[in-house]
């Protein structure tokens with residue numbers, strides 16, 4: 001099965017391991033910074049949940065995830081999704097895969113699923129390392145949700161996994177865009193950079209009130225909607241809207257990628 | 001001579017590929033019979049690789065149609081390509097994977113390939129190209145010749161009815177070149193059709209049964225090696241210390257002696273027409289008192305034929 005081999009190849013790659021390690025370093029950085037400055041009076045600023053970390057180490061994971069969403073995760077997605085087809089083309093292995101033969105649509109699907117597996121691994125790396133380092137450096141206790149209710153460790157794990165699912169879902173659109181861009185070129189760095197730049201531009205557009213008519217259509221619009229999953233009872237509104245939006249991006253860019261790859265003259 | 005299946009190994013008619021304004025391949029009619037070792041010749045930029053990429057379904061032809069192993073392409077890609085081994089414009093490797101894992105990855109790309117025999121087939125292919133000792137090494141540490149061998153191993157991963165080898169000896173040392181030649185002969189003896197593109201004419205001459213010659217996108221000759229040679233002009237070569245008088249005799253016999261060559265002092269060569277006979281020439285030379293060390297008749301070399309078909313000069317067609 002090619003997907004199994006794709007995953008094996010992807011996760012054995014030094015670059016993939018480096019990306020995951022860098023993401024796992026985010027919660028470590030936050031936790032250590034809070035720990036060594038804990039004697040200083042905590043101000044009101046900083047990322048969400050950072051102020052709560054000294055009371056409860058489990059908040060390191062939430063905080064690290066929110067810090068990673070706008071930049072680190074899109075960067076990692078851009079590198080992996082942008083490399084999918086263009087990377088094979090630049091190595092020259094695309095011609096050997098296609099004459100093996102693998103159908104072009106199947107290759108696209110395998111590459112997209114492989115990239116999504118990486119996205120899940122990347123989000124998990126942030127959250128899991130956040131829990132680990134939080135438990136080591138800080139006291140742990142009942143987690144107070146945004147709505148004021150408290151949950152125990154079991155409830156926390158459920159919420160954390162929901163956040164992982166939400167963050168991974170949020171990146172489906174960007175992954176599809178990255179794979180599409182990757183079919184356009186045989187220079188992987190070009191596709192990677194274009195994907196990352198697009199993620200940045202979209203977030204800028206999402207922050208401009210003058211473009212508010214556009215906001216619901218931007219793939220980054222619900223990226224920070226994960227607060228809804230930290231209420232009791234759970235609010236699923238942004239999850240549903242986000243899923244619909246991401247699905248739309250997947251369909252549009254999936255079709256574009258297929259149209260492009262299925263007619264592409266492979267000259268590399 | 002003709003293993004299972006109907007039709008030629010490769011049959012193309014009117015195959016054309018236009019890139020922008022350039023006709024890279026122009027109305028190619030090609031027939032590669034089953035069991036042949038088919039040499040595909042042409043100068044750089046003559047459209048050999050574009051043709052091979054079209055045949056393997058990597059490039060969509062602008063017009064024309066073709067069949068591989070009797071099946072209509074590119075529709076039959078999923079069923080035909082597993083029976084076709086290919087080395088296309090040099091090997092390509094995943095530098096971060098070992099030689100063995102490179103082959104495993106390419107083999108598992110096809111859903112129809114048998115996973116239960118994969119490990120054995122990979123090992124057999126590595127052994128066949130002499131890479132067993134380097135199989136566990138990461139491919140980025142491979143030399144060009146080792147990568148070339150790995151590419152050949154990929155082409156031999158399964159039982160193939162057709163092998164398409166683009167410059168198979170590129171980057172190989174003399175031993176490797178000999179091994180590839182004997183490999184091609186072995187495969188051909190098993191009934192595999194081998195389609196070899198090369199610009200190394202001596203190589204083609206040594207292994208091929210059939211030859212086609214491309215020039216600026218067009219096929220300028222195609223046939224068995226003997227047919228191609230038969231079209232060539234016979235030449236007489238006279239070895240003598242009396243070069244000048246020998247030239248006079250040949251000229252008197254109606255031939256046009258070639259300009260004297262510094263490479264071969266003491267020889268006179270001339271194209272031999274249909275009617276001229278070497279025996280008569282010998283008698284004439286002796287009668288004229290020319291001291292003859294030797295006289296022989298040669299066919300034109302494939303190289304001469306190649307240059308005659310594709311033109312002199314060093315410019316890449318473009």
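Per residue, the convex hull spanned by the alpha carbons of region A:1-135 comes to 103 Å³.
Take each residue of peptide B:87-93, count the partner chain Cβ atoms within 10 Å of its Cβ, and average: the result is 4. For region B:73-227, DSSP calls about 45 percent of its internal beta bridges antiparallel. So in the protein assembly as shown, what percent of DSSP beta bridges are antiparallel if you round to the nearest 5? Here the share of antiparallel DSSP bridges comes out near 65 percent. Kindly express, to the nearest 10 degrees and within the range 0 to 90, the angle between helix A:2-12's C-alpha long axis and the longest C-alpha principal axis of chain A. For helix A:2-12, the angle is close to 60 degrees. Shown for B:21, B:48, B:147, A:8: other C-beta atoms within 10 Å of each C-beta, ranked fewest to most, produce the order B:21, A:8, B:147, B:48. Relative to the dominant Cα principal axis of chain A, helix A:153-170 is inclined by about 40°. Among B:199, B:210, a tally of other beta-carbon atoms within 10 Å of each Cβ gives an order, fewest to most, of B:199, B:210. Neighbour counts of C-beta atoms inside 10 Å place B:140, B:133 in the sequence B:133, B:140, starting with the fewest. Ellipticity at 222 nm from helices only: DSSP H runs of n ≥ 4 in the protein assembly as shown, each -39500 (n - 2.57), divided by the residue count, give -15500 deg cm²/dmol. Once both labels are positioned 7 Å from their Cα atoms along Cα-to-Cβ, the gap between residue A:140 and residue B:136 label points is 4.0 nm.
In angstrom, the C-alpha Rg and Dmax of the protein assembly as shown are 33.5, 123. The long axis of helix A:172-183 is offset from the longest Cα principal axis of chain A by roughly 30 degrees. Compute the relative contact order of chain A as a whole-number percentage, counting only Cα pairs closer than 8 Å that sit 6 or more residues apart in sequence. Reported relative contact order: 26 percent.
By DSSP, the beta bridges lying fully in chain B are antiparallel in about 65 percent of cases. For the segment A:86-93, counting C-beta atoms of other chains within 10 Å of every residue's C-beta and taking the mean gives 3.
For the segment B:101-110, counting C-beta atoms of other chains within 10 Å of every residue's C-beta and taking the mean gives 6. Relative protection proxy for A:201-210, B:240-249, A:227-236, from highest mean packing down: B:240-249, A:227-236, A:201-210 (other beta-carbon atoms within 10 angstrom).
Taking 0.36 nm per residue of separation and subtracting the current Cα-Cα distance, fully stretching the chain between residue B:271 and residue B:251 would add 6.1 nm.
Taken together, the values in this text are just the output of simple stated rules run on the coordinates, not laboratory data. In this text the structure is predicted, and so the values were computed from the model without any measurement. Positions of Cβ are backbone-derived with ideal geometry, glycine not excepted, and every protein chain shown enters the neighbour counts.
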